[in-house]
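J.: I'd like to ask some things about the structure below.
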Amino acid sequence: MRIKTGLGQDSHRFVLADEQKTLLLGGVVFPDELGLAGNSDADVVLHAITNGISGITGVNILGKISDDLCLQQGITDSRVYLQEALKYLHGWQICHISISIECRTPKITPRIPEMKQQIAALLQITTTDVGITATTGEGLTDFGRGLGIQVFCIVTAIQA
């Protein structure tokens with residue numbers, strides 16, 4: 001059996017208070033929260049996962065491919081970018097993902113079960129194979145001070 005790991009990262013600033021944008025994290029809507037700035041829905045969790053998968057496949061999705069989908073075709077749903085990344089696995093199967101979210105707001109922990117369900121369904125793994133942690137980082141970064149959200153993830157894939 002062969003094993004690969006991919007490291008994914010993404011970050012986005014919050015939109016200005018007078019802008020209307022829905023906050024999506026891991027495919028879950030966080031109502032009554034400021035959304036994140038970006039051309040797409042700016043789901044920073046799904047973007048980090050997509051980047052982690054790119055680390056396994058060597059095919060960068062966030063960049064030219066996502067820009068074509070978003071800016072040329074009007075597709076802003078980050079689930080589509082993730083599904084595009086999955087197309088390049090070619091025999092590799094994701095078996096585990098670990099996600100770390102840094103932000104001051106919103107409160108992540110109460111929504112972790114929903115996020116795990118959404119992510120597991122997208123990756124076709126079980127919720128027990130999705131780990132999610134959250135931190136404010138003691139306010140040492142802009143994310144911990146409430147200016148945006150940063151996500152790191154490790155994607156593990158096997159080839160039998």
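J.: Condition test on Gly131, is it under 17 Å from Gln9 (Cβ atoms), open to solvent by less than 60 Å² (accessible area, probe 1.4 Å), small (Gly, Ala, Ser) and at pLDDT below 95?
T.: Considered against the rule, which asks whether it is under 17 Å from Gln9 (Cβ atoms), open to solvent by less than 60 Å² (accessible area, probe 1.4 Å), small (Gly, Ala, Ser) and at pLDDT below 95, Gly131 comes out as no.
J.: Quick check on region 147-160: of everything there that is closer than 24 Å to Ala17 by Cα and open to solvent by less than 20 Å² (accessible area, probe 1.4 Å), which residue is farthest from the chain's Cα centre (by Cα)?
T.: Gly148
Residues checked against (1) touching a helix residue (DSSP H, G or I) at 6+ places or on another chain (Cβ under 9 Å); (2) under 17 Å from Leu24 (Cβ atoms):
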{"site": "Ile61", "(1), (2)": "yes, no"}
{"site": "Ser66", "(1), (2)": "yes, yes"}
{"site": "Arg79", "(1), (2)": "yes, yes"}
{"site": "Thr126", "(1), (2)": "yes, no"}
{"site": "Ile132", "(1), (2)": "yes, yes"}
{"site": "Asp142", "(1), (2)": "no, no"}
{"site": "Leu147", "(1), (2)": "no, no"}
{"site": "Phe152", "(1), (2)": "yes, no"}
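J.: Quick one: how many residues across region 28-44 are buried (at least 16 other Cβ atoms within 10 Å of the Cβ) and closer than 22 Å to Leu71 by Cβ?
T.: Count: 8.
J.: Tell me whether region 52-75 contains one or more residues that are acidic (Asp, Glu), without any contact (Cβ under 8 Å) to a residue 24 or more places away in the chain, more than 20 Å from Arg13 (Cα to Cα) and surrounded by fewer than 18 Cβ atoms within 10 Å (Cβ to Cβ).
T.: Checked against the condition, which is being acidic (Asp, Glu), without any contact (Cβ under 8 Å) to a residue 24 or more places away in the chain, more than 20 Å from Arg13 (Cα to Cα) and surrounded by fewer than 18 Cβ atoms within 10 Å (Cβ to Cβ), region 52-75 yields at least one hit.
J.: Do you know which residues across region 115-126 are among the aliphatic types (A, V, I, L, M) and open to solvent by 50 Å² or more (accessible area, probe 1.4 Å)?
T.: If the condition is that a residue be among the aliphatic types (A, V, I, L, M) and open to solvent by 50 Å² or more (accessible area, probe 1.4 Å), then Ala121 is the only one that fits.
J.: Hey, can you tell me all the residues within region 85-114 that are out of contact with any Gly (no Cβ under 8 Å at 6 or more places or on another chain), farther than 23 Å from Thr126 by Cβ and open to solvent by less than 60 Å² (accessible area, probe 1.4 Å)?
T.: Result: Pro106, single match.
J.: Can you give me the number of residues within region 28-42 that are free of Cβ contacts under 8 Å to residues at least 12 places away in the same chain and either touching a Lys or Arg at 6+ places or on another chain (Cβ under 9 Å) or not in a loop (DSSP other than H, G, I, E, B) (or both)?
T.: 1
J.: Which members of region 98-124 meet the condition of being touching a helix residue (DSSP H, G or I) at 6+ places or on another chain (Cβ under 7 Å) and small (Gly, Ala, Ser)?
T.: Matches in region 98-124: Ala120 only.
The values are calculated or read from the model by the stated rules, or taken from the named source; none is laboratory data. None of the values given here were measured: they were computed from a predicted structure. Glycine gets a Cβ as well: all are built from the backbone with ideal geometry, and neighbour counts include every protein chain shown. Accessible surface areas use protein heavy atoms only, side chains included; no ligands, DNA or RNA. Shrake-Rupley method; radii C 1.70, N 1.55, O 1.52, S 1.80 Å.
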